[in-house]
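For reference, the structure is listed below as structure tokens.
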Amino acid sequence: MDQAPGSPQDPRDQGPQNAQSLPTCYRHPDRETGIRCTRCERAICPECMVSASVGFQCPECVRTGSGTGHSPAANQPRTLAGGRVTSDPRLVTKILIGVNLVVFLAQQVLGDSFTDRLYLFGQAQLDGRIQGVAEGQWYRMLTSMFLHASIVHILFNMLSLWWIGGPLEAFLGRARYLTLYLLSGLAGSALTYLVAATNSPSLGASGAIFGLFGATAVLMRRLNYDMRPVIALLAINMVFTFSPAFNIAWEAHVGGLVGGVVVGYAMVHAPREHRNAIQYGVCAVVLAVVVVLTLVRTAQLT
């Protein structure tokens with residue numbers, strides 16, 4: 001029916017009939033309802049209602065976590081260090097083991113020419129020219145962490161990584177665990193570069209794994225667990241580290257251990273209200289120390 005001139009055209013305007021009508025569901029405009037979402041207060045029909053601890057919520061608010069005053073990610077369960085709880089708490093450990101195995105396979109297939117381009121040494125003549133970290137090959141400090149000298153070497157390191165790294169990843173979360181691993185390895189490389197003979201080759205994941213040992217000790221102390229097993233294991237490894245019979249680069253082990261203790265302490269002891277700032281800040285400081293030590297040693301050799 002045509003409207004008379006001057007009659008209201010906005011259906012939201014109050015009239016005798018509109019005053020008695022109910023709002024319609026925001027997802028189903030043809031359905032009237034008297035129920036509203038307790039978060040966004042939009043009208044929802046019985047089909048769209050999701051039971052909550054108080055009242056009902058609409059599907060969109062349940063999915064996005066809106067209306068709570070914080071982001072949806074804040075609703076997710078967190079680890080002791082603030083990382084996200086995931087369905088596979090050992091994923092990064094598995095990936096690291098896989099990368100180490102793939103690189104070791106490449107070493108066996110491609111031979112010494114492949115290893116020579118990636119292992120760590122300060123400065124020496126190789127393939128007829130002077131090479132090393134001091135000559136700008138800083139990538140060797142990272143790539144050497146994924147090389148191994150023998151099957152026994154990689155087998156021992158990967159078993160240690162699985163045994164120590166897996167549980168630690170579950171406590172820290174993926175990002176924090178990977179950061180700990182890499183910074184520990186780089187700390188070991190930095191001390192090796194600073195102290196070891198310039199032509200002394202170094203390779204292996206031991207520096208990073210010792211960092212995991214150190215962080216595990218800090219975590220167990222934080223949780224008031226019995227620390228005797230990890231201390232005994234660490235002591236045994238340190239005996240092997242300094243034994244002349246095994247020709248181990250002790251600098252990588254000590255540097256990794258110190259780096260792991262420092263980063264691990266920040267990860268598990270940072271107060272919740274300033275957790276991210278403290279964790280990121282300490283990691284940045286450790287990385288800065290690695291860079292400074294590298295620059296100092298490079299200045300000495302060039």
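The values are calculated or read from the model by the stated rules, or taken from the named source; none is laboratory data. The shown structure was predicted, so the numbers you read here are calculated from the model rather than taken from an experiment. FYI the Cβ positions are ideal-geometry reconstructions off the backbone, even for glycines, and counts take in every protein chain you see.
See the values below:
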read-out	value
Subset of the stretch 86-120 (residues that are polar (S, T, N, Q), part of a helix (DSSP H, G or I) and over 22 Å from F156 (Cβ atoms))	S113
Out of C25, C40, sole residue that is surrounded by 10 or more Cβ atoms within 10 Å (Cβ to Cβ), in contact with a Gly (Cβ under 6 Å, 6 or more places away or on another chain) and at pLDDT 80 or above	C40
Candidates G204, G211, filtered to the one that is at positive phi and of a type outside the set (D, E, K, R)	G204
Filter result for the condition that a residue is part of a loop (DSSP other than H, G, I, E, B), touching a residue at least 12 places away in the same chain (Cβ under 8 Å) and over 15 Å from the mean Cα position of the chain (by Cα), over T198, T192	T198
Within the stretch 193-248, considering residues that are more than 24 Å from L155 (Cβ to Cβ) and among the aromatic types (F, W, Y), the one surrounded by the most Cβ atoms within 10 Å (Cβ to Cβ)	Y193
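Quick grid of which residues meet (1) without any contact (Cβ under 8 Å) to a residue 60 or more places away in the chain; (2) out of contact with any Ser or Thr (no Cβ under 9 Å at 6 or more places or on another chain); (3) within 21 Å of I248 (Cα to Cα); (4) not in a loop (DSSP other than H, G, I, E, B):
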site: G122; (1), (2), (3), (4): no, no, yes, no
site: W138; (1), (2), (3), (4): no, no, no, no
site: L142; (1), (2), (3), (4): yes, no, yes, yes
site: H148; (1), (2), (3), (4): yes, yes, yes, no
site: I154; (1), (2), (3), (4): yes, yes, yes, yes
site: N157; (1), (2), (3), (4): yes, no, yes, yes
site: G165; (1), (2), (3), (4): no, no, no, yes
site: L168; (1), (2), (3), (4): yes, no, no, yes
